[in-house]
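The values are calculated or read from the model by the stated rules, or taken from the named source; none is laboratory data. None of these values were measured; they are calculated from a predicted model. For neighbour counting, all protein chains shown are included, and Cβ atoms are generated from backbone atoms with ideal geometry for every residue, glycine included.
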Amino acid sequence: MKKFQGTGVALVTPFSKSGKVDFKGLANVIELNITNGTEYLVTQGTTGETAVLSKEEKKEVIKFTVEQTAGRVPVVAGFGGNNTLAIAHDLETFDFTGIDAVLSVSPYYNKPTQKGIIEHYKVLAAASPKPIILYNVPGRTSSNIEAETTLKIANEIPNIIGIKEASGNFAQAMHLAKYRPENFLLISGDDNITLGLLAYGFDGVISVVGQAFPKIFSEMVRCGLRGDFAQARELHYKLNDITDMLFAEGNPGGVKYALEILGVCENNLRLPLVSIGEELKLKMRTAIKQLEK
């Protein structure tokens with residue numbers, strides 16, 4: 001459980017100008033994070049543009065991430081979707097060597113009932129050789145995992161060890177923090193409210209902004225976890241404006257541009273996503289320059 005306390009980052013998938021996966025850029029992102037305090041890496045989540053990668057590309061990206069990381073920090077791999085049996089098959093047949101856990105988003109588009117969500121995760125938990133972290137992001141799935149549903153899963157399905165909670169609902173987050181069973185992880189999925197969620201009792205975050213600024217962000221989370229909220233607030237506000245910018249025109253367009261400014265990887269996306277606009281780019285360049293002073 002301690003493996004996934006603190007800061008995890010949702011890795012981008014860098015692309016070359018020709019549109020192919022840029023593995024050198026991915027290596028740069030991984031090294032930036034490992035050497036600057038990130039506790040674990042998450043590959044093939046929303047930020048990784050997983051929806052536009054082929055199955056073969058997904059396998060290659062996961063394999064490369066595991067090899068580049070070389071056991072220095074834990075690796076979590078995303079396996080989610082809205083076809084329960086297909087995901088279960090992938091979990092049963094994938095080579096999970098070097099992977100520590102699975103992040104699985106709640107089914108999208110189908111809009112299942114809460115009972116359907118529970119039954120979905122029962123099937124995945126039975127199929128997965130690795131522990132599963134739920135991912136609740138109703139802004140993308142149009143389906144919220146309600147607090148009581150999460151708690152039922154937490155109490156009844158042993159192979160599910162936590163949730164990445166990105167509902168933005170503080171009342172729901174507090175209910176989870178108050179009533180969760182021991183050893184069930186609560187992980188923030190919203191960068192700008194992570195500090196508040198740590199105060200409620202969350203265990204950490206899977207971050208986007210932390211990927212570009214791992215030293216500041218991961219230290220903010222560590223301060224929050226040990227109760228040093230004065231220092232945590234100072235670090236939080238250092239990145240607050242930049243965090244807003246990163247999401248102003250969608251994710252991962254913002255963080256990919258930040259990584260390009262920092263010389264880590266190129267700012268290329270696959271359609272239907274496009275690069276952020278010139279006005280926002282100027283604001284980000286100015287903010288990052290100020291941060292580096």
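Couple of notes before you dig in:
- Looking only at residues in region 33-45 that are surrounded by fewer than 22 Cβ atoms within 10 Å (Cβ to Cβ) and touching a residue at least 60 places away in the same chain (Cβ under 8 Å), the one that is nearest to Val102 (Cα to Cα) is Gly37.
- Among the residues of this structure, Val76 does not count as one that is touching a Lys or Arg at 6+ places or on another chain (Cβ under 7 Å) and either in a helix (DSSP H, G or I) or under 28 Å from Pro272 (Cα atoms) (or both).
- Just one of the numbered conditions (1) over 30 Å from Leu195 (Cα atoms); (2) free of Cβ contacts under 8 Å to residues at least 40 places away in the same chain; (3) buried (at least 18 other Cβ atoms within 10 Å of the Cβ) is not true of Asp22: (2).
- Listed by first and then second residue, the pairs with beta-carbon distance under 9 Å, at least 6 apart or on different chains, first residue in region 62-88 and without any contact (Cβ under 8 Å) to a residue 60 or more places away in the chain, second part of a helix (DSSP H, G or I) and acidic (Asp, Glu), are Gln68/Glu31; Phe79/Asp90; Gly81/Asp90; Thr84/Glu119.
- Under the condition of being assigned to a helix (DSSP H, G or I), at pLDDT 95 or above and out of contact with any strand residue (DSSP E or B) (no Cβ under 8 Å at 6 or more places or on another chain), the residues counted in region 1-24 number 2.
- Taken over region 244-293, residues that are small (Gly, Ala, Ser), surrounded by 13 or more Cβ atoms within 10 Å (Cβ to Cβ) and closer than 19 Å to Lys17 by Cβ amount to 3.
- Meeting the requirement of 1 or more residues that are of a type in the set (Asp, Glu), the helices (runs of 4 or more DSSP H) wholly within region 123-193 are 147-156.
- Sole residue being charged (D, E, K, R), surrounded by fewer than 14 Cβ atoms within 10 Å (Cβ to Cβ) and closer than 19 Å to Ala51 by Cβ, chosen from Lys111, Lys115: Lys111
- Thr65 being within 18 Å of the chain's Cα centre (by Cα) and not aliphatic (A, V, I, L, M): yes
- Restricting region 151-169 to residues that are under 19 Å from the mean Cα position of the chain (by Cα) and of a type in the set (A, V, I, L, M, F, W, C), the residue that is surrounded by the most Cβ atoms within 10 Å (Cβ to Cβ): Ile163
- Within region 134-167, being under 19 Å from Asp203 (Cβ atoms) and at pLDDT below 95 holds for one residue alone: Pro158.
- Index of the failed condition, Ile30 passing every other in (1) touching a residue at least 24 places away in the same chain (Cβ under 8 Å); (2) surrounded by fewer than 21 Cβ atoms within 10 Å (Cβ to Cβ): (2)
- Among the candidates Glu266, Glu260, Glu219, Glu234, residue that is of a type in the set (Asp, Glu) and either in contact with a Phe, Trp or Tyr (Cβ under 8 Å, 6 or more places away or on another chain) or part of a loop (DSSP other than H, G, I, E, B) (or both): Glu266
- Filter pass, Val102 being among the hydrophobic types (A, V, I, L, M, F, W, C), assigned to a strand (DSSP E or B) and touching a residue at least 12 places away in the same chain (Cβ under 8 Å): yes
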